[in-house]
């Protein structure tokens, strides 16, 4: 999700119930999560990144997570910027289409959807 609301500051509740922030947006937290996933995949794994706001866009096509694939995926994640509305269904549909097009016998396929 790269809709405009993802640009808002990520807030935590303190023990007293007050909200506190540390200057990071919700999208910053998602980007960090995605980069952590990218760095923990093995060379035999594949990853695609789909961004969605008003419409879905494939930021990184299904890519092997070797050295160059990790670099390309991280650059794609870095390019994400908040804007627009939340068209979750278009994002999910695009992800499913990518998996269908890149399916291979014996290969597990998963979709992870990040939103606030």
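The alpha carbons of the range 1-66 stretch over 46, 29, 15 Å along the principal axes, in descending order. A crude spin-label estimate for the pair residue 16 and residue 64, with each label 7 Å from Cα along the Cβ direction, gives 5.6 nm. Dividing the alpha-carbon radius of gyration of the chain by the rule-of-thumb value 2.2 N^0.38 Å gives 1.15. The angle separating the long axis of helix 26-40 from the principal Cα axis of greatest extent in the chain is about 40 degrees. Over the chain, DSSP H runs of length four or greater, each weighted -39,500 (n - 2.57), average out per residue to a 222 nm ellipticity of -11500 deg cm²/dmol.
Laboratory data are not the source of any read-out in this text; all were calculated from the coordinates shown. As the structure is a computational prediction, the values presented were derived from the model and not from experiment. Note that we place each Cβ from the backbone using ideal geometry, even for glycine, and neighbour counts take in every protein chain shown.
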